[in-house]
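Quick notes on the structure that follows.
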Number of protein chains: 4
Amino acid sequence: MAITTGIVGAAGFAGIELTRIALRHPDLELVAVTSNELAGTPVSCEYPGFSGATDLAFTTHDDPALDACDLVFLAVPHTAALSMAPRLVDRGATVVDLSADFRLKDPAVYERWYATPHTAPDLLARTAFGLPELFPDDLARAAEAREAGKGALVACAGCYPTATSLAAAPAVRAGFVAEEGAVVVDAISGVTGAGKKATARTHFCFADENLEAYGVATHRHTPEIEQILDLKGRLVFTPHLAPAKRGLLSTVNLPLSSDAPADAASVLERYRAFYEGNPFVRVLPEGVMPKTSSVVGTNGAHIGLAVNERARVLIAVCAIDNLVKGAAGQAVQCANAVLGLPQTAGLDVVAAPV
Amino acid sequence: MAITTGIVGAAGFAGIELTRIALRHPDLELVAVTSNELAGTPVSCEYPGFSGATDLAFTTHDDPALDACDLVFLAVPHTAALSMAPRLVDRGATVVDLSADFRLKDPAVYERWYATPHTAPDLLARTAFGLPELFPDDLARAAEAREAGKGALVACAGCYPTATSLAAAPAVRAGFVAEEGAVVVDAISGVTGAGKKATARTHFCFADENLEAYGVATHRHTPEIEQILDLKGRLVFTPHLAPAKRGLLSTVNLPLSSDAPADAASVLERYRAFYEGNPFVRVLPEGVMPKTSSVVGTNGAHIGLAVNERARVLIAVCAIDNLVKGAAGQAVQCANAVLGLPQTAGLDVVAAPV
Amino acid sequence: MAITTGIVGAAGFAGIELTRIALRHPDLELVAVTSNELAGTPVSCEYPGFSGATDLAFTTHDDPALDACDLVFLAVPHTAALSMAPRLVDRGATVVDLSADFRLKDPAVYERWYATPHTAPDLLARTAFGLPELFPDDLARAAEAREAGKGALVACAGCYPTATSLAAAPAVRAGFVAEEGAVVVDAISGVTGAGKKATARTHFCFADENLEAYGVATHRHTPEIEQILDLKGRLVFTPHLAPAKRGLLSTVNLPLSSDAPADAASVLERYRAFYEGNPFVRVLPEGVMPKTSSVVGTNGAHIGLAVNERARVLIAVCAIDNLVKGAAGQAVQCANAVLGLPQTAGLDVVAAPV
Amino acid sequence: MAITTGIVGAAGFAGIELTRIALRHPDLELVAVTSNELAGTPVSCEYPGFSGATDLAFTTHDDPALDACDLVFLAVPHTAALSMAPRLVDRGATVVDLSADFRLKDPAVYERWYATPHTAPDLLARTAFGLPELFPDDLARAAEAREAGKGALVACAGCYPTATSLAAAPAVRAGFVAEEGAVVVDAISGVTGAGKKATARTHFCFADENLEAYGVATHRHTPEIEQILDLKGRLVFTPHLAPAKRGLLSTVNLPLSSDAPADAASVLERYRAFYEGNPFVRVLPEGVMPKTSSVVGTNGAHIGLAVNERARVLIAVCAIDNLVKGAAGQAVQCANAVLGLPQTAGLDVVAAPV
């Protein structure tokens, strides 16, 4: 039986990608897509590629149809989810939040980095962290809560944290990473990462043929990555913008511990074992590095590894589509886990070859 | 009086950009542009934007016109310069080499990274390293040699080494960088960096909308950067490719020494003093990061700085045009220095605003 | 029961897109993908986005597995299909040819435009023209032939002819187009239209930030469009190249006959009636023009209309994905028709919103 | 002696390109660059590529420094120039207007297409049309008026009219074009043509990888082109947008008159004679078509020709940089003519080869 589904904030880039996935998902029935700004506009007017695929029009965030939804995705800016999630969870819904509001376990850290009070700290303990390959137990617990009629809340990992953590976690958890020294992460995102709002930064004529770093030493994904990988202030994270629509590449530099293997082959073997059975993560052969074009449009994550033996640093590179594995796809993957559906339901696509 | 000038390897991307600059340089008279592959073809046939600017046609590398040149630029693949430079220098010419053949002071290092014997090691001691902002004395000595009629050889720094070293050198020379720990450099280049040859990698349909790392732990600019900055095996260098024609951004992560200032303002002040009077380098205000679009088409280098105080790492980001400050423009800047011309002769352009 | 399927020439851009569609098609079982050049290479090595989706490797064009195929797609250069198709059809296979070899009904026209003899003229009478919206009867006859065990051959329309004819046919067939005067078609294609071969033309650094016309007055799609629309030498067709991977936009200028309506609304009404029930063609509301981004990745064709009342010319603009509706998708749509499958089988995707 | 120069509306795309050219122009001294929106902001803050090139900051449009300017460029939206130009001309300044306000000789036509009254119709008779290759006498008259101390006004041609008219005029003036039948012009522009304002249309994620037509049958350059070429309602003009920053390609389809030559060689000869001595226009050899990348950044216009002999239509294609020959460069070329400077002063650049 179809699961009645709503998407709050469906007109933004993550929300509309989620809409696209939900429309083709065999088990979901999309009944409400909201956007306060575009309420009343048919989805296929704003995004003409949806003509023929849906007759839905955007409604406001207080659309009563949401009350009847088993599953609600929140694709709203941070702080908005803080006010929406509690009520939905309380009435037993499964809520998958794509914002940053419930990602950080310590509300004080949230308040420091987001410069706003956390108004629903009691929900944090009940929140599953939505990065299925690394925190499957979180989602299993959310599934149990749902089964028990208590509602469930998943806080999906951000785009940079997803790619970075998938690249780093197997080494970190194997104890390959030295206890001291900076962990340097330099990542590159396509322009969809900057959002739908038309600004000087997203103007074609300023974004095209341009490369730049931004949010240096201040990007809000920093505490999230540190939390996932337990890095305790050692992370040096610099995101960059490049002239592509989608795609995110994270290059993670991990100082190796003294007892870690210093050859790529041994590390690769560990990574392959770590991700065995995961349908979305692919560890590439030695000497091969990932391309974002191989994963754009899909929920896949491709990982390549190399070891700098002189400096004893592991370089792990992960490519994802920032809007799919970094947002909408991962949200659906989390929903699938909580709802007891196959992991790949609605996500079984092959990347465009070109 | 005009300086008779030849460009060997003028049809490649660096060579043709050099041709463009030389044609507008007030003191150079371009008499020979060579390309074995395109010999006989007018420059303006291969590059229609040159129509009206020159009637020169490409000639072969053994064009006798080169024998009469005071100034010869070598824009040939590595190993080719090894065989060409000695004869030219011996007859008293000023040779500015854009290849890697004379950059590494230790021929054993060259042989290890380039997998080929260095056949002109005796020239190395007489070679000036071509990165004027950091090694002005090298160029002054070359100018003296030239004056003395002994010929001069300049080995221009590579594109990644230029951006990386300009970003790092002021901190390194000030003793701000810790003696231990990896120095991580992640850099991004436009596709001109991959050269003119048509390959799968440079095919529009594979390069467009794609981000990837390449040459991870193996890129040949690694020993060059280590030599410039005296890093002794501590460099972890990963270049990336992004879908732009030109532009190179290097993000340099420098662990700070215990007595270094840990605030960006103090470091910035040092950088500004370091580059005072240099017409091509601009240290940006605190909080501003460089964009490659601001320097594309020019010989400029823009540098932005931030400090990650928790991890005590200085993040220095430098943007250049890989074909200009990273190749042709720097070659002309070096030639200007050796020839006693104003630094900015032929290089005095404003970046396209959009 | 699955239809055993082979793709000859699967490594090119049309062939690999076809492979992608075939792998997700509910009724097809892909057993052979051939490429003489890449024989032995796994598909997922050449196109890493296919990892996890197929274990097939490319085989040579004479792969015996093709002999067992019910359905064979030919995605080979022209002349190659001439030699392959007859044998396959003779043994009863359904052959869908993406090349130009069987598109032109008059072999003399083929020989004039393709400068090569047509070696299988007897097959032409039995060939269905593969543009389902305009020639459904052709495909119905092919389906009957197949049912009768005689084999079937479909010659899919080219990319420019598809977009152009979909834009023009309703007006032409309604008698809206004047009997005299040139029909001017200016069309723009993304770079995938230039093929997979790495050349100067497809080099990122020459294709990016460039607009150009090509094949002016000589493009081989000219006689094909004239045949479809019965234009008898009145077509002036100029294709252009723009820096996008996919997408084709055809702007068709049709001089209106004296009794045609000269208002866009009346013409639109006729177009809507013409395409009623067709799942892939969408006639846009008055005042709205199509964007290729709305159809890229899909088999859709979006059409916008305007009338220049002063000059009495209908401007009909059609956007398609040159690799899908212009090649691989249309081939599958044709196969579906011949095989008695739902038109949209394997083609039911929503365009990426961004 | 330097000519004191001001640019009103210097922060938009045409205005800032004009600023760049003026700063390097040997005879102009730029004293005021205005922008009501950015007044107070240094040019090099808004456009970091100007750092080192100028210390000017934007001022408001009523900057008194404009009163002292010999030469004033107006790069403001239409209607704004209507109110600014008269006062400037009256006090004897040379005014070069880049807007549409004084291009159309008949104020009624202006009012119809721009839906606003023309408030300075008496200035129209004294206005020179700024397209130097086609209307040199206009500029000569303006130069005389200036000499006589009466002030001068030049209305520079628009971007599409410039490329289209340069492609068509030699044939039109030679009587090669039939007296009847539509003249179809399909043109493609880069996104700078859509202006600096950040909108959905100019958002990187909507403009990239997209091709579309716009302003079909309604674009305001239609009457301007008809006026220049005397086409009297026969023009069918459709502009298109493609994902490039700069560059404009106009494909002009001219029905040949019965006594026109129908071979490209004869027509080419006429074109070459027509443009003989013009430094910016280049008629390409038979079989060669222009690329926008060959003229981007320059004031050049490249023209290629082909004849469709069956349909008796001349296809003339012209490539320009919409911001230079289509705006700022042409404005400077016009100013040079009025001021008695060499045509190429400030405009003598070679296109980037790549």
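Annotations
- Radius of gyration, Dmax [the stretch A:160-322; alpha carbons; angstrom]: 15.8, 50
- Loop sites in the stretch C:144-197: GluC sites (Glu not before Pro), DSSP, at most 12 other Cβ within 10 Å: C:GLU179, C:GLU180
- Taking the square roots of five times each eigenvalue of the Cα gyration tensor of the stretch D:94-235, the equivalent ellipsoid has semi-axes of 28, 21, 15 Å, listed largest first.
- Degrees separating the helix C:329-339 axis from the principal Cα axis of chain C, which is the longest one: 70
- Contact order normalised by residue count of chain C, Cα under 8 Å, 6+ apart, percent: 17
- Ranked from largest, the principal axis spans of the Cα set of the stretch D:1-107 equal 44, 31, 22 Å.
- Each DSSP beta bridge with both residues in the stretch C:160-322 is either parallel or antiparallel, and the antiparallel ones are about 70%.
- Think of a 1.4 Å ball rolled over the protein heavy atoms: chain A then has 33 Å² of accessible area per residue.
- The coefficient of translational diffusion for the stretch A:244-309, derived via Stokes-Einstein from the alpha carbon Kirkwood radius under 20 °C and 1.002 mPa s, stands at 164 µm²/s.
- Measuring between their Cα centroids, the stretch C:109-184 and the stretch B:220-236 lie 63 Å from each other.
- Apportionment of accessible area to carbon and sulfur, the stretch D:160-322, percent (1.4 Å): 48
- Taking the DSSP beta bridges with both ends in the protein assembly as shown, the antiparallel portion is around 45 percent.
- For the stretch A:265-317, the list of GluC sites (Glu not before Pro) that fall in a loop by DSSP and count at most 11 other C-beta atoms within 10 angstrom reads A:GLU276.
- Average projected area [Cα convex hull, the stretch C:155-233], square nanometres: 6.4
- Taking one quarter of the surface of the C-alpha convex hull of the stretch A:55-172 gives a mean projected area of 8.5 nm².
- Solvent-free Debye scattering, log10 I(q)/I(0), computed from the Cα coordinates of the stretch A:1-45 at q = 0.13, 0.22, 0.25 Å⁻¹: -0.26, -0.70, -0.87
- Within the protein assembly as shown, the proportion of C-alpha pairs whose separation exceeds 52 Å stands at 29%.
- Accessible surface for A:HIS219 stands near 30 Å², nearest 10, in the context of the full protein assembly shown (1.4 Å probe).
- Number of partner chain Cβ atoms within 10 Å, mean per residue of D:287-300: 5
- Cβ-placed point charges (K, R +1; D, E -1), dipole of the protein assembly as shown about Cα centre in debye, nearest 20: 0
- Chain C contacts chain D over a buried accessible area of about 3600 Å², both sides summed; the probe is 1.4 Å and only protein chains count.
- Remark: relative contact order (the stretch A:237-296) = 41 percent; criterion is Cα-Cα distance under 8 angstrom and separation of 6 or more residues.
- The charge dipole of the stretch B:1-121, taken about its Cα centre with unit charges on the Cβ atoms of Lys, Arg (+1), Asp and Glu (-1) only, comes to about 280 debye.
- When chain A is described by a simple charge dipole with +1 on each Lys and Arg Cβ and -1 on each Asp and Glu Cβ, the residue from A:THR116, A:VAL33, A:GLY6 located farthest towards its positive end is A:THR116.
- Using a cutoff of 8 angstrom between alpha carbon atoms and counting only pairs six or more residues apart, the relative contact order for the stretch B:160-322 works out to 30 percent.
- Other residues within the sphere of radius under 14 Å centred on the Cβ of B:ASP122, judged by their own Cβ, net out at +1 (K and R +1, D and E -1).
- Applying a threshold of 27 Å to the alpha-carbon distances of A:LYS291/C:LYS245; A:LYS291/D:LYS196; C:LYS291/D:LYS196; B:LYS196/C:LYS325; A:LYS150/A:LYS197 flags A:LYS291/D:LYS196; B:LYS196/C:LYS325; A:LYS150/A:LYS197 as lying beyond it.
- Hydrodynamic analysis of chain C uses the Kirkwood radius over alpha carbon pairs. Inserted into Stokes-Einstein at 20 °C and 1.002 mPa s, it gives a translational diffusion coefficient of 104 µm²/s.
- Taking the C-alpha atoms only, the angle from helix C:264-275 to the longest principal axis of chain C is near 30 degrees.
- Here the stretch B:1-80 has 51 percent of its accessible surface on carbon and sulfur atoms, given a 1.4 Å probe and all protein chains in place.
- Loop-resident trypsin sites (Lys or Arg not before Pro) (DSSP state other than H, G, I, E or B) in the stretch A:213-309 with no more than 14 further Cβ atoms inside 10 Å of their Cβ: A:LYS232.
- Two-site FRET efficiency, B:ASP263 against B:GLU111, from Cβ-Cβ distance with R₀ of 56 Å, rounded to 0.05: 0.80
- Members of the stretch A:333-354 that become less accessible by 10 Å² or more once partner protein chains are added (1.4 angstrom probe, chain alone as reference): A:ASP348, A:VAL350, A:ALA351, A:ALA352, A:PRO353, A:VAL354
- Coarse-grained scattering of the stretch B:83-129 at q = 0.14, 0.15, 0.16, 0.22 Å⁻¹, given as base-10 log I(q)/I(0) from a Debye sum over alpha-carbon atoms: -0.31, -0.36, -0.41, -0.76
- Shielding by partners for peptide A:249-257, expressed as the average number of C-beta atoms from other protein chains within 10 Å of each residue's C-beta, is 3.
- For chain D, the 222 nm mean residue ellipticity estimated from helices alone, with every DSSP H stretch of n ≥ 4 adding -39500 (n - 2.57) and the total spread over all residues, rounds to -8000 deg cm²/dmol.
- Taking every DSSP bridge with both residues inside chain D, close to 45 percent are antiparallel.
- For the stretch D:129-153, the residues whose backbone nitrogen is under 17 Å from a point 7 Å from the Cα of D:ASP122, taken along Cα to Cβ, are D:150-153.
- The three principal axes of the C-alpha atoms in the stretch A:214-258 carry coordinate ranges of 39, 22, 16 Å, sorted with the longest axis first.
- Solvent accessible area, Å² - A:LYS150, 1.4 Å probe, full protein context: 130
The values are calculated or read from the model by the stated rules, or taken from the named source; none is laboratory data. Since we're looking at a predicted model, the values are computed, not measured. With ideal geometry, Cβ positions are generated from the backbone for all residues, glycine too; neighbour counts draw on all protein chains shown. Note: accessible area is taken over every heavy atom of the protein model, side chains too, but ligands, DNA and RNA are not part of it. Shrake-Rupley method; radii C 1.70, N 1.55, O 1.52, S 1.80 Å.
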